[in-house]
1. For the stretch 66-87, state whether one or more residues are out of contact with any helix residue (DSSP H, G or I) (no Cβ under 9 Å at 6 or more places or on another chain), buried (at least 22 other Cβ atoms within 10 Å of the Cβ), under 12 Å from residue 137 (Cβ atoms) and touching a residue at least 60 places away in the same chain (Cβ under 8 Å).
2. List every residue pair whose Cβ atoms lie under 7 Å apart, where the two residues are 6 or more positions apart in sequence or sit on different chains, the first residue falls within the stretch 32-47 and is touching a residue at least 24 places away in the same chain (Cβ under 8 Å), and the second residue, located anywhere, is in a helix (DSSP H, G or I) and exposed (fewer than 13 other Cβ atoms within 10 Å of the Cβ).
3. Would you confirm whether or not the stretch 228-247 contains a residue that is at pLDDT below 90 and assigned to a loop (DSSP other than H, G, I, E, B)?
4. Could we say that residue 55 is surrounded by fewer than 16 Cβ atoms within 10 Å (Cβ to Cβ), within 16 Å of residue 127 (Cα to Cα) and in contact with a strand residue (DSSP E or B) (Cβ under 6 Å, 6 or more places away or on another chain) here?
5. Is one or more of the residues making up the stretch 95-104 without any contact (Cβ under 8 Å) to a residue 60 or more places away in the chain and crowded, with 19+ Cβ neighbours inside 10 Å?
6. I'd like to check something: does the stretch 107-130 contain any residue that is free of Cβ contacts under 8 Å to residues at least 40 places away in the same chain and over 19 Å from residue 199 (Cα atoms)?
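The values are calculated or read from the model by the stated rules, or taken from the named source; none is laboratory data. Just so it is clear, the structure is predicted and the values come from calculations on it, not from any experiment. Cβ placement follows ideal geometry from the backbone for every residue including glycine, while neighbour counts extend to all protein chains displayed.
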């Protein structure tokens, strides 16, 4: 009976993620309450107590990388798409002085929680936009990243059906700035069962109810990660496309706070 119920609810998921739901499901309850409380608290700190509104909202998650954060934020503000709002969500590590730009807002979670999905959800919920994009504090975008994504998401319907989300190619860099490789994998949900190539940094999506991250507390040993879970789940009911143009510079950091590169290289 239990197996049938699980299969009916989560049968579209790989077994590893079904196991995560069962074993770690209890952690999501408290984290959802924490997320709700933080959204209520932080929205009051925004100008006029209102969620900033724009065509696209960019959520930048950060933790104790002030120099890299500044580079990331500057790359977002330098986008050719000007109708955007940028929300920096600090995971309790403290924020440096950020550029004075009316499109930029920064908030700090009450204390460090080390659950990227919750931090990104808070950023989504603190903004009001038609589209949402994501960038981590140690990566940067090329100036045309949002334009490339939005041209497809919001452009003419050449084939009668626009996608609900796109992800571009990523230029993966070593800490010394040299190019490791270019990650460009066409969208294929079946292939994603075997290779977790999804990442939030090149991902731009319509703001619809399916756009939210898992709130499970996943440590570095738990796979798959919340970014994979989001895009895989999102693609179940919504159309996702890959754009092979590299518009993201992604730093492969062996000392990453969130990603164990020895497991994913």
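1. yes
2. 43/49
3. No, every residue in the stretch 228-247 fails to be at pLDDT below 90 and assigned to a loop (DSSP other than H, G, I, E, B).
4. yes
5. Within the stretch 95-104, the first condition is being without any contact (Cβ under 8 Å) to a residue 60 or more places away in the chain, and the residues that meet it are 95-104.
Filter again for crowded, with 19+ Cβ neighbours inside 10 Å, leaving 104.
Yes: the stretch 95-104 contains one or more residues that are without any contact (Cβ under 8 Å) to a residue 60 or more places away in the chain and crowded, with 19+ Cβ neighbours inside 10 Å.
6. Yes, the stretch 107-130 contains a residue that is free of Cβ contacts under 8 Å to residues at least 40 places away in the same chain and over 19 Å from residue 199 (Cα atoms).
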